[in-house]
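All remarks here apply to the structure that follows.
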Amino acid sequence: MSTSQALPTPELDVEEYSVEYLNEIFEPLNFEERIQKLYEIFDDNEVLMTSSFGASAAFLLRLISEHRPSQKVYFIDTTYHFPETLAYKEELTELYRLNVIDVLPDPSQNALTRDEEWWKDHPKMCCSINKVVPLEPLKEEHKVWISGLMAYQTDFRSHLRIFEQQGDIIKFHPLIDLTEGDYLYWSTWFKLPQHPLESEGYGSIGCTHCTQKGKGREGRWAGTGKTECGLHPGFFVNKHK
C-alpha cells in the first residue's frame, strides 16, 4: 500500500493536544499513516494496545507488527476463551512476532463468576470482573489506547471518531472509518489468517458462554440487548447523535 508524505507534527507538548486537535491532524491520513503519526506524538511507553485475538484482530496486529514491532500487546485472558482463540493467539504471535502479555482477572472473583455462572444472570458484572477491572491499572499507566474498532460493526461504534476521550485515557481508533468492503479488501490483500471459528459461522468471537454463531456481532450476548463488554463504554455516544 502506498502512503502519502507524512504531515508535519506541530511543536506542542503532548499535554497540549486535545482530542479535537488530534482528530483534525489524523482525519486526512490513511490507517497506516495514522499508526506512524501516533508514534511521532506519543512515546512507546505512553501507548497501550490490547487485543482479544478475535475475528478481526489480525488486521491491527499486522499493522502494529510492521510499523511498531516493539509495541506490547495485552491480551485479557478471561479464562473463558474458546480453545480456537488461544490457538489463533499463538499463531498470530508467532507469525507477526508479537510481544504479547497476558492480563488475568482476580482469581477468587473469577472463580465466583464461574461457580455461580454469572454470564447467565449478571453478564455485565461478569464482563466487568473478568475484562474491565483487570485492565484498569494498565490504563492508569498510559496516555493513549489503540483499538481496532470499526464503525460498521455496531451502532455504538458508528458514532466514534478516530480519537475519543474515555475517562483519563484517549482512545485511538485508526481503523474506525473503514467500511466492511474496505476491511475485506485489505484483509485479502494482506493475506490475513482467519480465526478458526469464522469458517464455522462466527462473525464475532468473545467468551464461550456469551458467543454464538451469527453475522457480525449478532452472536454476542444474543437476545440480551448487550453489544459491548464494557471496555468501550457508551458514555460519549450521545454527543455524536
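The values are calculated or read from the model by the stated rules, or taken from the named source; none is laboratory data. In this text, all values refer to a predicted model and were calculated from it rather than measured experimentally. For accessibility, only protein heavy atoms count, side chains too; no ligands or nucleic acids. Shrake-Rupley method; radii C 1.70, N 1.55, O 1.52, S 1.80 Å.
Under the rule of at least 5 residues apart or a separate chain, name every residue whose amide H is placed under 5 Å from the amide H of Gln71.
Correct list: empty.
Give, in nm to one decimal, the length gained when the segment between Ile101 and Tyr152 is fully stretched (0.36 nm per residue of separation minus the Cα-Cα distance).
Value of the extension gain: 15.5 nm.
Which sequence of Ile101, Ile205 reflects their accessible areas, 1.4 Å probe, from the largest down?
Ranking Ile101, Ile205 by accessible area, largest first, yields Ile101, Ile205.
On a 1.4 Å probe surface of the protein chains, which of Thr50, Thr188 comes out largest in accessible area, and what is the full order? Each step should come with its number before you reach the end.
Numbers: Thr50 30, Thr188 105 Å².
Per-residue accessible area, sorted high to low, gives Thr188, Thr50.
For Trp119, Trp145, Trp189, write out the residues from largest to smallest accessible area, computed with a 1.4 angstrom probe and no ligands counted.
Trp189, Trp119, Trp145
Name the residues whose placed amide hydrogens come within less than 5 Å of the amide hydrogen of Leu48, ignoring near sequence neighbours (fewer than 5 apart) on the same chain.
Sorted by chain and number, the residues that satisfy this are Lys143, Val144, Trp145, Ile146.
Quick one: if you take sqrt(5λ) for each eigenvalue of the C-alpha gyration tensor of the range 121-216, what semi-axes come out, biggest first, whole angstrom?
Taking √(5λ) for each eigenvalue gives 25, 21, 13 Å, largest first.
Report the gain in length on full extension from Asp43 to Glu117: 0.36 nm times residue separation, minus Cα-Cα distance, nm rounded to one decimal.
Gain on stretching Asp43 to Glu117: 22.5 nm.
Which entries in Lys124/Lys191; Lys72/Lys124; Lys191/Lys213 show an alpha-carbon gap greater than 30 Å?
Over 30 Å Cα-Cα: Lys124/Lys191.
Give the Debye-formula value of log10 I(q)/I(0) at each listed q (0.16, 0.19, 0.25, 0.29 Å⁻¹), with one equal scatterer per alpha carbon of the range 161-200, two decimals each.
Ignoring solvent entirely, the Cα scatterers give -0.60, -0.72, -0.85, -0.95.
For the range 88-179, what is the accessible area per residue in Å², given a 1.4 Å probe and the full set of protein chains?
Result: 50 Å² per residue.
In Å, what is the Rg of the alpha-carbon atoms in the range 44-141, and how long is Dmax?
14.5, 44
Roughly speaking, what is the stretch gain from Lys191 to Ser70, that is 0.36 nm per residue apart minus the C-alpha to C-alpha distance, in nm to one decimal?
Numbers: separation 121, 0.36 × 121 = 43.56 nm, distance 2.21 nm.
Gain on extension, Lys191 to Ser70, equals 41.3 nm.
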